[in-house]
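Remarks on the structure that follows.
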Amino acid sequence: MNKDTYHINSLENEAIYIIREVAAQFEKPVLLFSGGKDSITLVRLAVKAFYPAKIPFPLMHIDTGHNFPETIEFRDRLVKELGLKLIVRNVQDSIDQGKVKEESGRYASRNQLQTTTLLDAIEEFKFDACIGGARRDEEKARAKERIFSVRDDFGQWDEKNQRPELFDMLNGQINLGQNVRVFPISNWTELDVWSYIEQENIEIPSIYFAHKRKVFLRDGMIWSAEDEVVYRDDNEEVIEEMVRFRTVGDMSCTAAVLSEAATISKVVEEIRDSTISERGARIDDKRSEAAMEKRKQQGYF
Amino acid sequence: MEVLKIATAGSVDDGKSTLIGRILYDTKSLTTDKLEAIEKTSKQKGYDYLDFSLATDGLVAEREQGITIDVAHIYFSTRKKSYIIADTPGHVEYTRNMVTGASTSQASIILIDARKGVIEQTNRHFFINNLLRIKDVVVTINKMDLVDYSEEVYNKIKADFSELMNKRDYQDQKITFIPVSALKGDNVVNRSENMPWYTGQSLLEHLENLDKKDIYNVGTPRFPVQFVIRPKTEDFHDFRGYAGKVYGGELSVGDNILVLPSKTRSKIKDIYFYDEKYQTASRRSSVTITLENDINVSRGDMIVLENDLPTIDNHFTANICWMDSKPLEAGSKYVLQHGVNKVLARVETINHKIHPDYSGIEKNVQGLGVNDIASVTFKFNKPLFFDQFKNHRTNGSFILIDTQTNSTVGAGFIQ
Ligand SMILES: Nc1nc2c(ncn2[C@@H]2O[C@H](COP(=O)(O)OP(=O)(O)OP(=O)(O)O)[C@@H](O)[C@H]2O)c(=O)[nH]1
Ligand SMILES: [Mg+2]
């Protein structure tokens, strides 16, 4: 092992420590898996944390039904290769049960609706800890989040009254009905994640790399025109561009960026030089200044 | 790349958030969309300047009130280092969040408003920084633009602060003074032209030049076992690995060790990091260790070098920061979390309260209120293996958990 603990390594070691604490302190943990690069990174870290044993908790995907097909294929392959247990719960079911109402119009998205499905699933399986791939550098409300973040019976985040979190001691004690959201890569930046993917040679879905795609422009952003779920006016002209996705949330709220980066090292280079933040490509955050904080209070990831 | 964790400190409105925003701006770390959002909100608020505190005050309540409530972690990097800055609140009410931010930092920036000079909150935060034994402290005298960039004002504050320094407990703490204007950018990233009388480094230059050996405490290795790995697969049928993080020093294959509390003797057989074996596990690495003998080891046990034992006892005295509105009293019981180990602890005596303004101690205290700092003796239901905080940061610190609310209600430093 290197004598010096360098940046990437210190983040990796911290994340492994956190993941092991979850396995040790909770009875029913789960790893929330979206198919995106952050959750793929989490899986990699969890594999490392427990080697040569298997990851001692399942993955859970809250499927909006609006995923890029590439991410679903990828998810199923990963789970099979690593011999993991995967739970899938569908937003469509919550809609069919009348628990949530599908949005309509230009900016319709299922991103918000996920919260209900997630909370129901937590209740169903009695999960006491949900590991997520959120990072503090993503957004200003996220920057405030603890590593072990306690949620009440309603899944809500009490942002003005968070537990102190000192040194690297993680307090996982909770009351009945509460659960904890755990963020092992809290201290990673987008560039750290990409550099790690490069260093570890981690496979990620193809949509993260530059490819030709039919798209249209709206509000200065680039939207996929290849998928029905993205609402498009007839007067919004379809063009073909070389694009890449920086984040792969729900298709209906994830914009693409122009890119020629077809390999991981090119992507890393591009991120390093980028002047726009990752969330700049998420329309759901642009709804209002406090969009993320509001969603989090309600129990969003 | 090297990571440096820094925390800010100082009273309400001294300009901590503005300073961090300024650092981000001047190092071109703010992305266009974030900068646009700051410009837009500054305009809406009717300012004729950019309100950089908006870069870190992320909660609605914070933006409405113009104050910081909880720690924000901010990331940026230069060619030399990656920085994680904890922007902490200045308000007394949120001191626990300030301690949270400072507890993981290697360096600290204390801000002083040049117009106000050293005030009670400066004392308190300096005291906490000293209690936490943060090795490098930068005292930035801010808002120099509002005092005509006066050298006299700066010198006066420096002299006042130096008086505090004589009273501090941890004398090896390195302290540097820098006059800045966070709002205008003087001496933050770039050296100021408005203060030719100051010939030292800018704040960022100072941080860039900090050497690792100046900020890390190295001690003896302690390996608290986090998790026992038993795959029971065909390939690893008899594998029994102890997963954990190495604190304080290094461990190597072949080291003679003792497992606490049983004091069973063994030797380190292999050190795994994922699927590779290594000769040595460095400080702060999360590894998996196997031992030569098949002995019974479980979570909370500690592996230490045979000739370098911590104290093993069922009581200790510690300085604590109390963080709960429900008072701590003699006889109160808490869960005491020491690393990954937990015991039930009872308060034997509150020895004395320590005034963080260096005005002395107070004896015959009945109970501790929120934000009090005091020396307390605890007794546990089973022995802990600990070091003094001054000798070992990790193995010398602990947290207290309320048995009813399960919330973290105090932080302690073993004496
Ligand atoms: N003139 C002048 N104003 C400043 C300077 N630095 C900060 N300010 C102003 O002081 C006010 C408070 O700044 P903040 O950065 O919010 O203060 P803070 O220390 O983060 O406050 P809390 O987090 O609530 O403790 C704001 O109006 C800033 O614009 C400075 O160098 N010069
Ligand atoms: Mg502030």
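Below are the figures for this structure:
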{"read-out": "Share antiparallel - DSSP beta bridges, the protein assembly as shown, percent rounded to 5", "value": "70 percent"}
{"read-out": "Compactness index (Cα Rg / 2.2 N^0.38 Å), segment B:142-259", "value": "1.84"}
{"read-out": "Buried on assembly, segment A:182-208 (at least 30 Å² less accessible surface than by itself, 1.4 Å probe)", "value": "A:N187"}
{"read-out": "Cβ-based charge dipole, segment B:215-360, positive-most Cα from B:V335, B:G241, B:L251", "value": "B:V335"}
{"read-out": "Built amide H within the under 5 Å cut-off of A:G65, gap 5+", "value": "A:V91"}
{"read-out": "Largest-first ellipsoid semi-axes for segment A:56-139, taking √(5λ) over the Cα gyration tensor eigenvalues, angstrom", "value": "23, 16, 15"}
{"read-out": "J(HN,Hα) series, segment A:112-127, from Karplus relation 6.51 cos²θ - 1.76 cosθ + 1.60, nearest Hz, glycine and proline x", "value": "5, 5, 3, 4, 4, 4, 4, 4, 4, 5, 4, 5, 4, 8, 6, 5"}
{"read-out": "Separation in nanometres of the label points that stand 7 Å from Cα toward Cβ, at A:D153 and A:K212", "value": "5.8 nm"}
{"read-out": "Segment B:S252-B:K277, extension gain: residue separation times 0.36 nm, minus the distance between their alpha carbons", "value": "7.9 nm"}
{"read-out": "Under the Karplus curve 6.51 cos²θ - 1.76 cosθ + 1.60, θ = phi - 60°, whole-Hz ³J(HN,Hα) for segment A:149-164, x wherever Gly or Pro sits", "value": "10, 7, 10, 7, 3, 9, x, 8, 9, 9, 5, 8, 9, 7, 5, x"}
{"read-out": "Geometric extent, Cα atoms of the protein assembly as shown - Rg, Dmax (angstrom)", "value": "25.8, 79"}
{"read-out": "Rounded D (µm²/s) - chain B, Kirkwood Rh over Cα pairs, Stokes-Einstein at 4 °C, 1.567 mPa s", "value": "56 µm²/s"}
{"read-out": "Per-residue ³J(HN,Hα) for segment A:136-144, Karplus 6.51 cos²θ - 1.76 cosθ + 1.60, θ = phi - 60°, Hz, x for Gly and Pro", "value": "5, 7, 5, 6, 5, 6, 5, 4, 9"}
{"read-out": "Exercise: per-residue mean of other protein chain Cβ atoms within 10 Å, A:12-19", "value": "5"}
{"read-out": "Among beta bridges that DSSP assigns inside segment B:2-215, antiparallel share in %, nearest 5", "value": "25 percent"}
{"read-out": "Accessible solvent surface per residue of chain B, calculated while the other protein chains remain in place, 1.4 angstrom probe, Å²", "value": "40 Å²"}
{"read-out": "Shielding by partners, peptide B:404-411 (average Cβ within 10 angstrom, other chains)", "value": "5"}
{"read-out": "FRET efficiency, B:T311 to B:K333 (Cβ-Cβ, R0 22 Å, nearest 0.05)", "value": "0.50"}
{"read-out": "Which listed pairs, of B:K333/B:K382; B:K213/B:K277; B:K16/B:K213; B:K143/B:K167, have C-alpha distances above 18 Å, in listed order", "value": "B:K213/B:K277; B:K16/B:K213; B:K143/B:K167"}
{"read-out": "Among A:F125, A:T247, A:N187 the positive-end extreme of the charge dipole of chain A (Cβ point charges)", "value": "A:F125"}
{"read-out": "B:F76 long-range amide H proximity, modeled H, under 5 Å", "value": "B:Y83, B:I85"}
{"read-out": "Fraction of accessible area attributable to carbon and sulfur, segment B:261-415 (%, probe 1.4 Å)", "value": "42 percent"}
{"read-out": "Interface size A-B, as summed buried accessible area [1.4 Å probe, Å², nearest 100]", "value": "6000 Å²"}
{"read-out": "Selected from A:L45, B:Q173, A:N161, residue furthest toward positive end of dipole (the protein assembly as shown; charges at beta carbon)", "value": "B:Q173"}
{"read-out": "Shielding of A:169-179 by partner chains, average beta-carbon count, 10 Å", "value": "4"}
{"read-out": "Three-way shape label, chain A, alpha-carbon gyration tensor, a/c 1.5", "value": "oblate"}
{"read-out": "Highest to lowest packing among A:82-94, B:35-47, B:310-322, B:241-253, scored as the average C-beta count within 10 Å", "value": "B:241-253, B:310-322, A:82-94, B:35-47"}
{"read-out": "Kirkwood Rh, Cα atoms: Rg over Rh of segment B:185-234", "value": "1.48"}
{"read-out": "Label point distance in nm, A:K266-B:N217, each placed 7 Å from Cα along Cα→Cβ", "value": "5.0 nm"}
{"read-out": "Inter-part distance where segment B:224-267 and segment B:316-383 are each reduced to a Cα centre, Å", "value": "33 Å"}
{"read-out": "Kirkwood Rh in Å, taken over all unlike Cα pairs in segment B:311-414", "value": "13.6 Å"}
{"read-out": "Stretchable slack from A:S104 to A:L176, in nm (0.36 nm times residue separation minus alpha-carbon distance)", "value": "22.2 nm"}
{"read-out": "Cα-based shape type of segment B:1-121, given that a ≥ b ≥ c are square roots of the gyration tensor eigenvalues and the cut on a/c is 1.5", "value": "oblate"}
{"read-out": "Rounded FRET efficiency, nearest 0.05, which uses the C-beta distance separating B:N381 from A:E81 and R0 of 35 Å", "value": "0.15"}
{"read-out": "When each of A:K140/B:K184; B:K5/B:K135; B:K81/B:K158; B:K5/B:K390; B:K116/B:K158; A:K212/A:K266 is checked by Cα-Cα distance, pairs over 18 Å", "value": "A:K140/B:K184; B:K81/B:K158; B:K5/B:K390"}
{"read-out": "Two-decimal log10 I(q)/I(0) for segment B:2-215, as the Debye equation yields it once each C-alpha is a single scatterer, q = 0.17 Å⁻¹", "value": "-1.23"}
{"read-out": "Net charge dipole size for the protein assembly as shown [Lys, Arg +1 and Asp, Glu -1 on Cβ; Debye, nearest 20]", "value": "1800 debye"}
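The values are calculated or read from the model by the stated rules, or taken from the named source; none is laboratory data. Because the structure is predicted, anything quoted here is derived from the model rather than measured. Methodologically, a virtual Cβ is constructed for each residue, glycine included, from the backbone with ideal geometry; neighbour enumeration extends over all protein chains shown. The accessibility values were calculated without ligands, DNA or RNA, using every heavy atom of the protein model including side chains. Shrake-Rupley method; radii C 1.70, N 1.55, O 1.52, S 1.80 Å.
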